[in-house]
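Report on the following structure.
The values are calculated or read from the model by the stated rules, or taken from the named source; none is laboratory data. Given the structure is predicted, the values throughout are model-derived calculations rather than measurements. Note that each Cβ is placed from the backbone with ideal geometry, even for glycine, and that neighbours are counted across all protein chains shown.
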Amino acid sequence: MSGRRRANVVGLGLIGGSIGMALRDQGWTVTGYDRDASHSARALELGAIDAVGTDPHADASFVATPVKSVAEEARQVLAATGGLVTDVGSVKRSICDAVDDPRFVGGHPMAGSERDGVAGSDPNLFRGAVWVLTPTEHTDGQAFADLRSIVSGLGAEAVSMPPAEHDRMVAVVSHVPHLTAATLMTVADERSLDHRALLRLAAGGFRDMTRIASGPPGIWPDICETNREAILEAIDGLVAALGDIREVVASGERQPLVKLLERAREARMNLPDRFGRPSQLIELLVPVPDRPGAIAEVANTATRLDVNILDLEIMHSTEGLGGVMHLIVEAHRAEQLRDALNNVGFATSLRKLV
């Protein structure tokens, strides 16, 4: 991509508006629209977009509509433009199954705010956030590499995984926590009808745990419908775990309770710190065969091993027989990723950065 880059944003709510602002801060020209014309006008007024409409020459287009309308909107943008197209929906399998085009790369920035609509847009919303990409065997390698570069440029950490795996994971770390917070908040609200002082007693822990319940409710019916299977599985697991801890509390035994709480505390303290950047880096050279799914297989293998790819570039072969992926990764994890890729048929090598 050379010169002043151009983008489309379809759907101008909190996420779409924030993407537009963030891209414009990076020097992009952003065109966008929303089905509600007043949202388009407000986005233009706030500086989230440069113009209302669709730019057929856009290098990248972001579909930021409700989950159930993403596939239709993505297909329309693919037909109207020649660049890569992505989305921001929190459910990926149904969307990626419905949009079978090499230029489409499923995406999900795991960022948000209690503020709703384009008025809450923030160009720094994605800094330090994880942005999941879900390439498939049909994904064009260059489209994936370009999108990953764009996402990184907005300050996010790009993580790759298959669409179905994303949906199972996000049910546990996002969807069910939101539903749990909403349920707990509802229980407290019902109790407050009998005990008016209850909500006054809601201290930091309760407020922290239920904070996400203040998010916009309108998106959740679509999410629960399109990711129903994974959400139900996660709820069943939570209900079973709550049953287990109920039995521990009912027994009055101290040691099992302390053991459970210690395990939870240790797991919480060991959550990955995604803001750090290692000082020692290694370059992995991965010759990519000219076959479907090779790019996705490399990226998803890195995620499965919890190896953070700090940079990725594809150098194409002049003979047209694939190319070479250049991955920049943490030095202490490089050999593990190299060996894993070599075990599945990639002739990977390491090279120190000069």
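Residue by residue, here is whether (1) at pLDDT below 95; (2) in contact with a strand residue (DSSP E or B) (Cβ under 9 Å, 6 or more places away or on another chain) holds:
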residue	(1), (2)
S152	yes, yes
A197	yes, no
R200	yes, no
G243	no, no
L261	yes, no
A264	yes, no
>> Could you check the range 152-169 and list, in sequence order, the residues that are part of a helix (DSSP H, G or I) and surrounded by 23 or more Cβ atoms within 10 Å (Cβ to Cβ)?
In response: H166, D167
> Does E114 satisfy the criteria of being of a type in the set (D, E) and not in a loop (DSSP other than H, G, I, E, B)?
Replying inline: no
>> Which numbered condition in (1) surrounded by 20 or more Cβ atoms within 10 Å (Cβ to Cβ); (2) part of a loop (DSSP other than H, G, I, E, B); (3) not β-branched (V, I, T) is the only one that H108 fails?
In response: (2)
> part of a loop (DSSP other than H, G, I, E, B) and surrounded by 16 or more Cβ atoms within 10 Å (Cβ to Cβ): does that describe T139?
Replying inline: yes
> Counting just the residues of the range 266-293 that are over 28 Å from G128 (Cβ atoms) and either modelled with pLDDT under 85 or surrounded by 20 or more Cβ atoms within 10 Å (Cβ to Cβ) (or both), which one comes out nearest to the chain's Cα centre (by Cα)?
Replying inline: G293
>> Need pairs with beta-carbon distance below 7 Å; first residue in contact (Cβ under 8 Å) with a residue 40 or more places away in the chain and within the range 134-147, second part of a helix (DSSP H, G or I) and among the charged types (D, E, K, R); sequence gap 6+ or separate chains.
In response: none
> How many of the residues making up the range 185-200 are assigned to a helix (DSSP H, G or I) and out of contact with any Asp or Glu (no Cβ under 8 Å at 6 or more places or on another chain)?
Replying inline: 9
> What tally of residues in the range 35-61 results from selecting those that are in contact with a strand residue (DSSP E or B) (Cβ under 8 Å, 6 or more places away or on another chain) and part of a loop (DSSP other than H, G, I, E, B)?
Replying inline: 9
> Which one of A22, A64, A41, A71 is over 26 Å from R168 (Cα atoms), small (G, A, S) and crowded, with 17+ Cβ neighbours inside 10 Å?
Replying inline: A22
>> Cβ contacts < 7 Å: first residue among the small types (G, A, S), restricted to the range 73-87; second residue assigned to a loop (DSSP other than H, G, I, E, B), any location; separation 6+ or different chain. Result?
In response: A74/V99; A80/T54; A80/P56; G83/A58; G83/D59
> Hey, among the residues in the range 154-195 that are hydroxyl-bearing (S, T, Y), out of contact with any strand residue (DSSP E or B) (no Cβ under 7 Å at 6 or more places or on another chain) and touching a residue at least 12 places away in the same chain (Cβ under 8 Å), which one's farthest from T301 (Cα to Cα)?
Replying inline: T180
> Does A234 count as farther than 17 Å from M110 by Cα, in contact (Cβ under 8 Å) with a residue 40 or more places away in the chain and hydrophobic (A, V, I, L, M, F, W, C)?
Replying inline: yes
> For the range 99-133, how many residues meet the condition of being touching a Gly at 6+ places or on another chain (Cβ under 6 Å) and either aromatic (F, W, Y) or under 25 Å from Y33 (Cβ atoms) (or both)?
Replying inline: 6
